[in-house]
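All remarks here apply to the structure that follows.
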Amino acid sequence: MRQKRSKMPDVPLLMTPGPTQVRENVRIIRALEMTNPDLDLKFFRFYRKTCFKLAAFMNTNSQVLILSGEGMLALDSACASLAEPGDRVLIIDNGLFGEGFADMVKAYGAEPVVFKGARTRGISSENLREFLNEDSDFKFATIVHCDTPSGVLNDLKEICPLLKAHGILTVVDAVSSMVGEPLYTDDWGIDICIGASQKGFSAPPGLAFLSVSPDAWDAIENRKTPIPSYYCNLLLWKNYFEDFWFPYTPPISDIYGFNAALNNVVKEKGTLKRHRRIAKAVRKAVIRSGLSLYLRSDYCSTVTAVNVPEGVDGEALIQRMKNETGILIGGNFGELKGKVIRIGHMGENARLEYVSETLKALQETLEKEGVVLNADMESVFLEEMVKKK
Ligand SMILES: *Cc1c(COP(=O)(O)O)cnc(C)c1O
């Protein structure tokens with residue numbers, strides 16, 4: 001599984017929390033000759049087979065669709081297809097992506113009601129339970145599994161059944177957790193579960209996908225008003241196979257690539273364990289060095305958010321690290337910009353050699369910035385990784 005570090009001279013080693021590194025077999029297959037995906041029945045079958053494989057991976061019997069667009073397209077499609085004027089939508093917000101759903105449902109005329117949680121930990125299902133006992137008149141709720149700017153992991157296993165018990169449909173953004181954290185779409189009562197190609201699956205950006213439960217289809221089909229979108233109208237996809245008709249030409253090369261990436265993931269044994277071990281060792285290295293983690297608890301295994309020491313600008317730091325070591329890690333957005341940096345250890349990034357190189361490069365760059373660290377992060381990381389588990 002170890003891969004040689006062979007990169008175009010001006011392409012950094014990608015250690016961002018998406019897009020992630022793309023394996024050679026995925027890159028190559030995208031260059032294959034193609035058929036006309038709108039007319040060739042073989043492609044319809046290939047597309048459907050890929051969707052079934054993805055559904056099995058997501059542990060759902062629901063229909064899964066792969067859409068041509070970045071992850072945001074699936075978020076937007078879920079909101080466009082469900083939300084309408086007069087609807088109240090519960091926005092569960094403990095991070096930037098969680099918060100962002102409010103604007104999306106507003107764009108379709110629904111009323112967002114925000115349930116806020118602390119940004120440095122997972123949503124408390126106890127607090128949510130109390131909230132719902134007072135007010136549960138919502139058509140659907142939105143929640144992010146891993147809110148990537150902080151890396152906080154929300155406990156869907158507790159939260160989604162709670163919402164369903166109040167008759168609320170659940171829309172989950174699992175874009176950055178998928179592949180690195182367990183996901184039981186049906187058992188957890190997720191009605192629409194959303195992912196994207198460029199995070200844990202380690203395919204290039206360009207595809208979004210989502211599962212749509214029978215309850216969600218019912219809600220979509222029983223709207224009072226028509227869906228005010230074409231590209232985001234999920235209903236147009238419902239019978240694509242029976243009708244042999246796609247709402248728009250599928251990006252066939254992207255889907256070939258994604259299918260190969262999905263096969264890489266499905267074939268590997270112990271993917272979750274690989275992510276868990278790497279994430280734990282990274283946290284240990286950060287803490288021992290004297291740096292601090294942004295989160296207090298509920299760490300997702302796909303990304304680690306680290307507070308930037310006083311006096312250092314995080315965005316300048318990552319540019320310097322990229323220029324001087326050829327390794328690119330993630331910066332941040334909004335209030336965290338410049339203050340919190342992120343190591344993306346999801347999918348193909350979550351390999352011992354890449355992560356150890358990254359920690360070494362981060363250490364060097366911080367030291368050049370005048371930061372004194374208490375321990376060598378690469379060494380602590382490697383010690384943790386060789387420990388018998
Ligand atoms: C990456 C990501 C998306 C997709 O959004 P982009 O910022 O456009 O890549 C959506 N949700 C989450 C939680 C993500 O991490």
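Here are a few things to note about the model shown:
- A 1.4 Å probe run over the protein chains yields, for the chain, 43 Å² of accessible area per residue, whole-number rounding.
- Extension gain, K53 back to S292 (0.36 nm per residue minus Cα-Cα distance, nm): 82.1 nm
- Each residue of region 247-260 was assigned a 3J(HN,Hα) from its phi angle through the Karplus expression (A = 6.51, B = -1.76, C = 1.60, θ = phi - 60°), giving x, 8, 4, x, x, 4, 5, 4, 6, 4, x, 5, 4, 5 Hz with x at Gly and Pro.
- Solvent exposure, largest accessible area first (probe 1.4 Å, DNA, RNA and ligands not counted), of Y47, Y299: Y299, Y47
- Local electrostatic count at P112 - Lys and Arg +1, Asp and Glu -1, tallied over other residues with Cβ under 14 Å: -4
- Percent of beta bridges antiparallel (DSSP, the chain, rounded to nearest 5): 50 percent
- About its Cα centre, region 270-385 has a charge dipole of approximately 520 debye under the convention of +1 per Lys or Arg Cβ and -1 per Asp or Glu Cβ, with nothing else charged.
- In this simple spin-label approximation, Q319 and V114 carry label points 7 Å from Cα along the Cα→Cβ vector, and these lie 3.0 nm apart.
- Computed 3J(HN,Hα) for region 32-42, one whole-Hz value per residue from the Karplus formula 6.51 cos²θ - 1.76 cosθ + 1.60 where θ = phi - 60°, is 5, 4, 10, 9, 7, x, 8, 10, 8, 4, 4, glycine and proline marked x.
- Kirkwood estimate for region 160-241, i.e. one over the average of 1/r between Cα atoms, Å: 14.1 Å
- Accessible surface of M34 - all protein chains present, 1.4 Å probe, nearest 10 Å²: 120 Å²
- Additional length obtainable on full extension of the chain from I28 to D187, 0.36 nm per residue less Cα span: 53.6 nm
- The dipole here belongs to region 1-120: it is taken about the Cα centre, uses +1 on the Cβ of Lys and Arg and -1 on the Cβ of Asp and Glu, and is about 900 debye.
- Net dipole in debye of region 142-236 [+1 Lys, Arg Cβ; -1 Asp, Glu Cβ; about Cα centre; nearest 20]: 280 debye
- Qualifying GluC sites (Glu not before Pro) in region 293-389, where qualification requires a DSSP coil assignment and no more than 12 other C-beta atoms within 10 Å, comprise E310.
- Cα gyration tensor category, rounded, prolate or oblate, for the chain with a/c compared to 1.5: oblate
- Where trypsin sites (Lys or Arg not before Pro) fall in DSSP loop in region 242-316, at most 13 other Cβ within 10 Å: K269, R296
- Candidate aspartates and glutamates - alpha carbon under 15 Å from K269, same-chain residues fewer than 8 apart omitted: E181, E348
- F333 accessible area, assembled protein chains, probe 1.4 Å, Å²: 100 Å²
- Cut-off 11 Å between beta-carbons: net charge of the residues surrounding C146, Lys and Arg +1, Asp and Glu -1: -3
- Orphan Cys of the chain, criterion: no other Cys C-beta under 4.7 Å: C51, C79, C160, C193, C232
- Accessible surface of region 110-152, 1.4 Å probe, proportion on carbon and sulfur as whole %: 43 percent
- Bridging of K337 to lysines at a Cα separation below 29 Å is possible for K7, K106, K116, K199, K280, K284, K322, K360, K368, once same-chain residues fewer than 8 apart are set aside.
- Carbon plus sulfur fraction of accessible area for region 177-259, probe 1.4 Å, in percent: 53 percent
- Y184 contributes about 100 Å² of solvent-accessible surface, heavy atoms of the protein only, 1.4 Å probe.
- Just the protein heavy atoms count here, and of the accessible area of region 270-385 at 1.4 Å, carbon and sulfur take up 48 percent.
The values are calculated or read from the model by the stated rules, or taken from the named source; none is laboratory data. What you are looking at is a predicted structure, and each value in this text was computed from that prediction instead of being measured. Here Cβ is always computed from backbone atoms with ideal geometry, including for glycine, and neighbour counts include all displayed protein chains. Note: areas computed on protein heavy atoms with side chains; ligands, DNA, RNA excluded. Shrake-Rupley method; radii C 1.70, N 1.55, O 1.52, S 1.80 Å.
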